[in-house]
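The values are calculated or read from the model by the stated rules, or taken from the named source; none is laboratory data. Note that this is a predicted model, so its numbers are computed, not measured. Because the Cβ atoms are built from the backbone with ideal geometry, glycine has one as well, and the counts that use them run over all protein chains shown.
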């Protein structure tokens, strides 16, 4: 389980999130939609990283406590299905609709 958590963290760390720049802050509704999607995408990645890091730290704490006490305990840490975040494309061409 520990290797799976590390693999997922590695995938999330390699993803580049878009940076909100002054150019992105200008513009109309399409730019606003793009900015909102970029923020949502970044928050999704950050929340998944923190959840995985918390689970990894719990596993390490359990290992340390097992070494000190020499008692084997079953871990109640479960991993939910891993869905890699996807950055949606916002259609911005005139005349699309």
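General remarks:
- Check on residue 24, assigned to a helix (DSSP H, G or I) and at pLDDT below 90: yes
- Flag if residue 79 is surrounded by 12 or more Cβ atoms within 10 Å (Cβ to Cβ) and either assigned to a helix (DSSP H, G or I) or modelled with pLDDT of 80 or more (or both): no
- Of all residues in the range 33-52, those being out of contact with any helix residue (DSSP H, G or I) (no Cβ under 8 Å at 6 or more places or on another chain) and surrounded by 14 or more Cβ atoms within 10 Å (Cβ to Cβ) number 6.
- The set of residues in the range 1-21 being assigned to a loop (DSSP other than H, G, I, E, B), modelled with pLDDT of 85 or more and surrounded by fewer than 10 Cβ atoms within 10 Å (Cβ to Cβ) consists of 16 alone.
- Qualifying residue in the range 31-40 (condition: in a loop (DSSP other than H, G, I, E, B) and at pLDDT below 80): no
- Only one of 86, 69 that is under 20 Å from residue 9 (Cα atoms), at pLDDT below 85 and exposed (fewer than 14 other Cβ atoms within 10 Å of the Cβ): 86
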